[in-house]
Amino acid sequence: MSSSVSRSGRKSHFELFLRRFCRNKLAVAGFIFIVFIILVAIFAPYIAPYGYDDQNVSIRLQEPSSEHWFGTDDLGRDVFSRMIYGARVSLSVGISTTTISMFVALIIGMISGYYGGRTDNIIMRIIDIFLAIPSILLSIAIAATLGGGIASMLIAISIGAVPGVSRLIRAQVMAECHKEYVEAARVTRASDFRIMFKYIFPNISSVFIVTFTMGVAGGILNASMLSFIGLGAQPPTPEWGAMLSNGREYIRDYPYLVTYPGLMISLTVFAINMFGDGLRDALDPKLKGR
Amino acid sequence: MSDVILSVKNLSVEYRVEEGIVKAVNDVSFDVKYGETLGLVGETGAGKTTIALAIMGLLPVPPAIVTQGAISFEGENLLRKNEKYMRSIRGNKISMIFQDPMSALNPSTYVGEQISEVIMLHNKVSKAKAREMAEETLEMVGIPRNRYDEYPHKFSGGMRQRVIIATALACNPNLLIADEPTTALDVTIQAQILELMEQLKEKKGTSNILITHDLGVIARMCNRVAVIYAGEIVEIGTLRQVFKNTAHPYTKGLFDALPGSNLSGGKRLKPIGGSMPDPISLPEHCKFASRCSRRTDKCEQCVKLTDIGDGHLVRCVSPLCGGEV
Amino acid sequence: MIVVLLGVLFIVFVLLDFTPGDPARQILGAFADEKDVAAKRQELRLDDPFFVRFGRYVYNLVFHFDLGVSYRTKLPVMQEIATRFPITMLIGVLGLVVSVVIGLITGVISAVRQYSWLDKICNVFAVIFHAMPNFWLALELSLIFALKLKWLPPTGYKGIEYLILPVAALGLNGSTAIFRQTRSSMLDVIREDYIRTAKAKGQSEFKIIIKHELRNALMPVVTMVGNSLGTIIAGSVVVESIFSIPGLGNYMLQAINGRDYPVIQGSVFVLAFMICVFNLLTDIIYSFIDPQLQSQYQSKGSTRKRRINA
């Protein structure tokens, strides 16, 4: 007989979720990797054998060796250390842009989905206009306008992500609004604000969490692309995409300059995606059970 | 016995799932004669649909496994046949219609074409001839033939079910399995569909297995009845035997639970207390014992089907006969 | 759609307006005389109110196909874009075709044979290619196939074989989204009751896939394909640069590096325009496939496009 007799609602929901999540080995692996990267980012100064901008032209462009695990770049900097510090940049950009854009998108989506009618129409028209431009292009255009650098990259990526996520949240909110508990809440004269955040939001929270997770992955990818183009992190900041751009010239003879940073980006995004997928699968059946 | 079209013997089906092994069907045996309608009655989850899917060879085979038994149709054991053979049988010799007509039709194909499809699958005819035959079938179920070129979303639930019946009967099958065909329909439409099914049965002489939890439908449509509980047949006999000489306490409970039945005194409904046992951990002894008001120590043993006269079988150590309690 | 395009123009123009620096000075150069700069400003009427300038911009675009003048080359932006645009479109379309083919096939296989090793492999590949930044994929492909194996040319555009690597990079990257959507739609459809009906009729699995499952599963995929072109074209910006292909993306990139704003904004607009047109086409195709929309048109007798809500 199944052993999880429900004690208090919240506790056993979480246990169920945890059990389902842990069954998915890839998702767990992803989670472990993410924790690992976060720790690397936090403790970067203690882990990295060299500084990220320790130039030493005499040892430039060296193959990976025991002293420089990933070799050195064209200015003699240790690639391994740069990649460790790069984790800081990528993660912080990814998380901050996603936080900002999710917050904004949530508000837009809530208002649009809940109030419907003309408000929704107007807002969605505007969103559609923004959606006509692919988010990366939009980010590129905005970053170019703002002149490049990390700050403009942050703004550009955040703005780029908002339209798509708003639409998603709006769809979820609209679906919830048709359900009877919202009608019931309205009947009790709860304020709109209260309905939106105490009733509707908890029910879309799992979609929100999963979208957030995937958003971080997307943010990291976009940051790397912008930096690759030259609109993001400026030298000497060690961003993985920027490192790729740097190493591009030497790809013929020193491919490691390109391969390692790219691999790092891919692995991180992969891990976050696996984790996000696992989250979704573990949270979803719970939603269905309602 | 040459008057038997389908013979199910000792059929057992299990589902292997994460939580364990679900024993959906346990050692079920019954026969269906030519031209007769057998009703399978039971609560949701009793295993009726699983039996039907097993006959059709439509069980989802990774989780489901037929652990024992034989299904003999026109002399051949269907469980031993390959997919190609089964495909030639489905829709052709044995047809099945399902519960929810609203979602049973392909929304992106014309309704008439879905009937033509089954005709062309099993008959070597031209497209034009198939269309002609499909249109005839439409008329047979009371739908004007010019509605051939319309999409399902233009049809109401009752009409869709007619189309489904048309599809099922288009190739003149010898056996029709109907799984809760009227449960999803309004009461008035239910009556219409049942009447249609009766007419067609008379016209074509098809044998039927009618699965339902509605005793009223059974009373109207069936010659014989089998009562299923927790994957087993607990009572089987002719309509008269089961309805008038109800032998098993569960069957009795089903009748008593009907609103307006005389025995319940006309005021409060008399539900059967408790619920069906968990199919993952079924007891070896009588599976209804925990809910039975007549339970004694004798019920703790494994109970077999016994004949209490004229082919009326019951699985109980102390069956009720003649309506006594 | 007109509204959308106008809106895009508006955004582009706002961005153009926000850029730091004085356009007149950019054109004349950093060492130009103050008086010349002032005269230029007069000439370009740069001190007019915002909406007047916007109106002029739109007017120039619509009636004269004029998107301004490049700061760097002093040539009309439209002209430069026109020569490079076809190449980008070619790469974009080819990339889209590749991603659709790969995505559809793997998606169907994955859904129909769910949980099998085929499904797992397809999934793994999809996730791997999805996680890779497309520029890195392009670089690695270039490294392996052009530089190490020497099977294909690494840069330039002198023939169709020069396009193989860029198209491969874009196609592989784009296929993941289509794979995901196809698989998801197919899985939904497979679970549907009418598939069970089809099986009960005795239909073979292959025919069920084609006639029943794909027909119904394809609709959301078509929408997704429309969206994919946007991502692919955006991706071609970097990919063109990596393979030195003289397309619009590369041009835009050079403009970004050179802070040549009219070119940047003009390119963005042209790309957005093409994507809009493509989306419109997708919507039209969608209305032909979806039976419910079809009958709506039949009964209304009009051909007005209807918005499909998200």
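Here, each number is a calculation from the coordinates, and none is a lab measurement. If you're wondering where the values come from, they're calculated on a predicted model, not measured in any experiment. Cβ placement follows ideal geometry from the backbone for every residue including glycine, while neighbour counts extend to all protein chains displayed.
Averaging Cα coordinates gives a centre for segment B:1-78 and one for segment C:184-259; these two points are 42 Å apart. Pick out, in residue order, every one of the chymotrypsin sites (Phe, Trp or Tyr not before Pro) in segment C:139-197 that is DSSP loop and has at most 14 other C-beta atoms within 10 Å; say none if there are none. For chymotrypsin sites (Phe, Trp or Tyr not before Pro) across segment C:139-197 that sit outside H, G, I, E and B with at most 14 neighbouring Cβ atoms in 10 Å, the list reads C:Trp151. Shape class of chain C from the alpha-carbon gyration tensor: oblate, with a/c at 1.5 or above and b/c at least as large as a/b.
Between the amide H of B:Asn208 and those of B:Glu36, B:Thr37, B:Leu38, B:Leu176, distances stay under 5 Å, these residues lying 5 or more places away or on another chain, with hydrogens modeled in the peptide plane.
Each residue of segment C:151-159 is assigned a 3J(HN,Hα), and the resulting list reads 7, 10, x, x, 9, x, 8, 10, x Hz, derived from the Karplus form 6.51 cos²θ - 1.76 cosθ + 1.60 (θ = phi - 60°), x at Gly and Pro. Between A:Phe103 and C:Asn60, the C-beta separation translates, for a Förster distance of 45 Å, into a calculated FRET efficiency of about 0.70. Could you give the distance between the Cα centres of segment A:69-88 and segment A:151-201, to the whole Å? With segment A:69-88 and segment A:151-201 each reduced to a Cα centre, they are spaced 43 Å.
Does chain A come out rounded, prolate or oblate by the C-alpha gyration tensor, with a ≥ b ≥ c the root eigenvalues, rounded set by a/c under 1.5 and, if not, prolate when a/b is larger than b/c and oblate if not? Oblate is the answer for chain A, as a/c is 1.5 or above yet b/c matches or exceeds a/b. Tell me, which longest segment in chain B has none of the GluC sites (Glu not before Pro) that fall in DSSP loops with at most 12 further Cβ atoms within 10 Å? Answer - B:20-283.
Going out from 0 in 10 Å bins, what whole percent of all Cα-Cα distances in chain B drops into each bin? Pairs per bin, as whole percents: 6, 25, 32, 24, 11, 3, 0. Lysine pairs in segment B:10-110 whose alpha-carbon atoms fall under 19 angstrom of each other, counting only those eight or more residues apart or on distinct chains, come to 5. Across the protein assembly as shown, Cα-Cα distances exceeding 55 Å account for 29% of all pairs. Which FRET efficiency value, to the nearest 0.05, do you get for C:Leu149 and C:Leu90 by plugging their Cβ-Cβ distance into 1/(1 + (r/R0)^6) with R0 = 30 Å? Plugging the Cβ-Cβ distance into 1/(1 + (r/R0)^6) gives 0.75. For chain B, the Cβ-based charge dipole about the Cα centre amounts to some 200 debye (Lys, Arg positive; Asp, Glu negative; other atoms uncharged). Backbone geometry of segment B:196-208 corresponds, through the Karplus equation with coefficients 6.51, -1.76 and 1.60 at θ = phi - 60°, to 3J(HN,Hα) couplings of 4, 5, 4, 4, 5, 4, 5, 5, 9, x, 6, 7, 9 Hz, x marking Gly and Pro.
If you take the beta carbon distance between B:Glu150 and A:Leu263 as r and set R0 to 56 Å, what does 1/(1 + (r/R0)^6) give as a FRET efficiency, to the nearest 0.05?
The value I calculate is 0.50.
Between B:Glu150 and B:Val111, B:Gly112, the built amide H atoms are under 5 Å apart, and every one of these is 5 or more places off in sequence or on another chain. Can you say what percent of the DSSP beta bridges in the protein assembly as shown, counting only those with both residues inside, are antiparallel? Round to 5. Taking every DSSP beta bridge within the protein assembly as shown, about 65 percent pair in antiparallel fashion. Overall size of segment C:190-272 from C-alpha positions, given as principal axis extents largest first: 66, 23, 15 Å.
Taking 0.36 nm per residue of separation and subtracting the current Cα-Cα distance, fully stretching the chain between A:Asp253 and A:Trp69 would add 64.5 nm. Distance between the pseudo-spin-label points of B:Glu136 and A:Asp192 (7 Å out from Cα toward the beta carbon): 6.4 nm. The phi-based Karplus calculation (6.51 cos²θ - 1.76 cosθ + 1.60; θ = phi - 60°) puts the 3J(HN,Hα) values of segment B:60-75 at x, 5, x, x, 8, 9, 7, 8, 6, x, 9, 10, 9, 10, 6, x Hz, whole numbers, x for Gly and Pro.
Inter-label distance, A:Ser58 to C:Ile284: 6.9 nm, where each label sits 7 Å from its Cα along the C-beta direction. The distance separating the Cα centre of segment B:244-260 from that of segment B:141-218 comes to 28 Å.
Extending 7 Å from Cα along the Cβ direction at A:Leu18 and again at B:Lys304 yields two label points whose distance is 5.1 nm.
Close amide H pairs (under 5 Å, H built 1.01 Å from N) link B:Met96 with B:Gly91, B:Ile177, residues at least 5 positions away or on another chain.
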